[in-house]
Amino acid sequence: MEVFDQMRIRQTIKKAVALGTGALMLGATLLGASAANLSDYPGLFLDGGKVTAKLVVGEKAATIDVVGGIDIAADLQAAAVSKESVTVTGSGITVSGGKTKEIVLGAALTDFGTLDDGDVASLKDEKISWNDEDVDIEETINVDGVSVFISVDDADFGSNPVLGTTAKDGIQYRYKLDDSDLDTALVTSDEPLKIEFLGKSMEIEEVTNAATDTMKITIANEYYLNIGDSIESEGKTVKLVNIGTDKAVIDVDGEIETIAENSEEKVNGVTVQVESVFYVDEKEDRAATLKVGDKITETVKSGDSMELFGEPSKESDAEWVWYVAVGASNTSLDVGADFNQKYDSDTEPVKGVGEAYTLPNDYAQLYIDSMTAKADVGLKFEFDDAVTVDEDDSGTAISTLDDQKVLMITADDEILKVNLTGTLEETDTVYLLENATDSSILLAFENSDDDVQLATGTYFVVDYDATDITISFATGVNSSKAADVNLTGDVDVAGTGWIQLDANIAQGFFGTKDEYESGLDFQSSFSGMDKDEDYLTDYGIIIGAIEDGMDSDEFFLTLPDEDIKANVVVVGKGGAVEGSAGAVTTDKVNPVGVDFGVLDSDAPAAGTTNLIVVGGPCVNTEAARLMGNPANCAEGFAEGEAKLALFDDDGKVALLVAGYTGQDTLGAVRALLTEDLPAKSDAKVITTNYKTPSVE
C-alpha cells in the first residue's frame, strides 16, 4: 500500500472511524453526466490561459506521489498560455499549420521553396504498411510557378495585386513513396497500396512500369459521423443511428442495417463500409468512420483530369490534373496533383486578396492574406490660376511676385520638405512659379503661418516614413515651351524608376486649365500602362488614371509609408491565420504560482478553489474527504489499478488521481497526461505496467 506500513493504515482507518457516520456524508459527489468530464482536462483548470487550481499531495505521502505532482504541474504550465496582442514590424500575421512569406509585388513565390510537413502541418512524413513492410512516404507542395501580379503584368489589374500562375504546373502537390521495401511491380488488388492522398483514402491496385507511368486506383467517399449525423449519397440519406463496441447501425432512407466494423453491406442500394467505430458510454459522443457509395476504380496517368476529385472530364477545362511517375527500379512512386491552368490576365480567374487557390479535397490553400502596408496619402499636381508670394526665402515680405500662374503640388499630410537657406521645412503645399522677368521657374511653399514663401534650389522631397521621392524641376522651359518636373527615388523597388510631367507654357507660364485641354503631359519608365486605369508600381505607389487626370490638367499619386509586399499564405486543413499589419496575436505563457502545490494539511477549504488531489485516502486526507472518509482507506482500490475521478466540491471541481500503490498513482498521472480520456466523470486505469497505463 503506497509505501505505508500496516500500522499507518490502521491508524488512518481508526481516525476515519472515529469521525463517525456523519462524517461519511461530508464527502463530495461525483460530477453528473451533464457537468464537466475527464476529457475536459486540462481546460477544467484553466481560465484565460491561467491555472485555477491547487495541487494537493499528502504530507506523509511517498516521493513517488510528489513525482506525479511534478508531472501534473509541468503539464499545466505547458497549457497555461493565453493570446496577447502586440505591435510588431513586418507582416504582423501568424500562421498555425502553414507558412507565410512577404512577397515583393510582381515577384514569384520562389521564396517558399518546397513545402513539407515542417511547413504545413497537414502534410505527412511517415511510414505506411504494405506487404508486411514499412514504406517511407512524404507529402510536399511547390508554388514556384505562382506570382503576385500587378499592373506591369496586365494593365487591367489596376491598383489591385493578384495571385496568378506564370505557366501550367504552377502549383504542384506530391505524395512520394520512396523506399527499398517498395516494389511497385508487386502492387495488386489483393495487395494494394493504401494511402491517404490529399486527405482522402485511396487504394493503388496496379502500377505500370516507368515507360507508361500509369496506375489503377480505387476511391470511396469517406465520412466521420457522430450519432444522428447524415450525408447524401446516390440520392439517398445515409444516417448513423447508433454505435456498438464493434458495429454500427445504419439507416438508408428507412432501411436499417447493423454492420460490423471493417465490413460493408449494401443498404437500400447504397454500399456502406464501417471503417472504424469510436464507442464510449455516452451515446452522444459515439462516432464512426464510414465509406459510403460504390467504390470508383480508374486508371490514370499524368495529365488526366482529376474527375474523382470533382474536376470536369475535359483536361483543358480542368484546374487539377494527375501526376504519376514510377521509378525505374520500382522502389519509388510519385503521385500528385498539378494545377493545369495559366492565369495571368484580368480576363482569367486570378485571385485577389483573400481569394484562394484550393487543392483538391480542400487539402490546402494558397492566397494573399493581406498587404504589409497600404497606399494612403495622396499627392496631387494641378494648375492654380494665381498665387501671391508673401515672403522671400529669408522670410522678408515682398510684393513683386503677385498674381503668377503656378503648378501646385499638395499632399494629404505635411510630407513635403523644401530647402530654406540650409534648413528643411515641412509643408503640405508646394508651388512652382514663373519668374515674369526671365521665365525661369521658382520654388515656393506654404509655411506654418499659411503664407506663401520662396524656397531655395531646384528640387523638393517627399519624406513619408520610409518612402523618399525627389521631385526636381528645370530652371527654365524646354524646346517645347514646357517645364520638366521629374519624380525619382522610391517610385519603384529598384529605385531606378522615374515619372516626368511636362507642363505646357506655350502662352505664359503653364497656362491655365481653362485655356488648355492638356496643360500637363506624362512620361514614365513604366511600360504597358493603360492611361485609362490606375497603375500600381512594385513599390506600392498608385498612379491615378492618367487620362482622367490630364483632361483636367491634374495628376494624382497615392503613396505608402514603406514599400508594400503581399503577405502570401500556404495553409493546410486545420490551419489558421491571425493578426494584421502592425499587430499580431501571440502566445503569452502565464507562470504557475509558487503556491500551486500544497500539503493536505494546508489544503484550502472546500469550495474556495479547484483541486487536483494526488494519492489515495490512505496517504492524502483531502482524498479521504472527497471519498467520504471511508472506514477502510483501501476500499475501492486494487493492486495494478488506479482511478481518475472528478468531484463537485461545494461548487468547485476536484480531480482525484489515486492508485493502490505509489506506482499505481504515478500510472494514473501518466494516463491523465497522455491518454485519450473518456467524456465522463470517473475512469479506471490499468497500471500493471505503470509506464504504459490504459484507461477503461
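The values are calculated or read from the model by the stated rules, or taken from the named source; none is laboratory data. Everything numeric here is computed off the predicted structure, so don't read it as measured data. Counting neighbours? That spans all protein chains shown, and the Cβs are built from the backbone with ideal geometry, glycine included.
Structure notes:
- Summed over region 322-342, the residues that are in contact with a strand residue (DSSP E or B) (Cβ under 6 Å, 6 or more places away or on another chain) and closer than 17 Å to E139 by Cα give a count of 12.
Per-residue answers, yes or no, for (1) assigned to a strand (DSSP E or B); (2) in contact with an Asp or Glu (Cβ under 7 Å, 6 or more places away or on another chain); (3) surrounded by 18 or more Cβ atoms within 10 Å (Cβ to Cβ):
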| position | (1), (2), (3) |
| --- | --- |
| D136 | yes, yes, no |
| S147 | yes, no, yes |
| S151 | no, no, yes |
| S180 | no, no, no |
| K194 | yes, yes, no |
| T212 | no, no, no |
| Y224 | yes, no, no |
| I231 | yes, no, no |
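- Exactly one residue out of S233, S189, S159, S180 is touching a Gly at 6+ places or on another chain (Cβ under 8 Å) and outside the structural domain of L536 (by TED's automatic domain parsing), and it is S233.
- Checking K15 against (1) in a helix (DSSP H, G or I); (2) at pLDDT 50 or above, the condition it does not meet: (2)
- Being within 29 Å of D134 (Cα to Cα), of a type in the set (A, V, I, L, M) and either touching a Ser or Thr at 6+ places or on another chain (Cβ under 9 Å) or modelled with pLDDT of 95 or more (or both) holds for only one residue in L186, L193, and it is L193.
- Residue in region 649-666 that is in a loop (DSSP other than H, G, I, E, B), within 15 Å of V613 (Cβ to Cβ) and modelled with pLDDT under 90 present: yes
- Taking each residue of region 349-370 that is under 27 Å from E196 (Cβ atoms) and looking for partners that are surrounded by fewer than 18 Cβ atoms within 10 Å (Cβ to Cβ) and acidic (D, E) with beta-carbon atoms closer than 7 Å, six or more apart or interchain, yields Y367/E355.
- Of the residues making up region 30-70, those that are of a type in the set (K, R) and surrounded by fewer than 22 Cβ atoms within 10 Å (Cβ to Cβ) are K50, K60.
- If you go through region 491-545 and keep only what is at pLDDT 90 or above, in contact with a strand residue (DSSP E or B) (Cβ under 7 Å, 6 or more places away or on another chain) and at positive phi, you end up with just G495.
- Among the residues listed as D649, D682, the single one being acidic (D, E), crowded, with 22+ Cβ neighbours inside 10 Å and in the same structural domain as G597 (by TED's automatic domain parsing): D649
- Count of region 546-562 residues which are at negative phi and assigned to a loop (DSSP other than H, G, I, E, B): 5
- For region 308-339, a residue qualifies if it is among the aliphatic types (A, V, I, L, M), under 32 Å from the mean Cα position of the chain (by Cα) and surrounded by fewer than 18 Cβ atoms within 10 Å (Cβ to Cβ), and exactly one does: A325.
- The set of residues in region 219-268 that are small (G, A, S) and either touching a strand residue (DSSP E or B) at 6+ places or on another chain (Cβ under 8 Å) or over 22 Å from L308 (Cα atoms) (or both) comprises A220, G228, S230, S233, G244, A248, G254, A260, S263.
- Enumeration of residues in region 619-641 that are within 22 Å of P693 (Cα to Cα), among the aliphatic types (A, V, I, L, M) and assigned to a loop (DSSP other than H, G, I, E, B): V619, A634, A638
- For region 660-691, the set of residues classified as free of Cβ contacts under 8 Å to residues at least 24 places away in the same chain and under 24 Å from V619 (Cα atoms) consists of N689 only.
- Scope region 308-317; condition of a type outside the set (G, A, S) and assigned to a helix (DSSP H, G or I); matching residues: L308, F309, E315, D317
- Filtered residues of region 266-307 (kept if in a loop (DSSP other than H, G, I, E, B), small (G, A, S) and surrounded by 14 or more Cβ atoms within 10 Å (Cβ to Cβ)): S302, G303
- Considered as a group, the residues in region 153-168 that are crowded, with 17+ Cβ neighbours inside 10 Å and among the small types (G, A, S) include one that is nearest to V568 (Cα to Cα), and that residue is G164.
- Filter result (buried (at least 24 other Cβ atoms within 10 Å of the Cβ) and out of contact with any Phe, Trp or Tyr (no Cβ under 6 Å at 6 or more places or on another chain)) within region 652-679: L655, L656, V657, A658, G659, G662, D664, T665, A668, V669, A671, L672
- Condition check for V592: β-branched (V, I, T) and outside any loop (DSSP other than H, G, I, E, B): no
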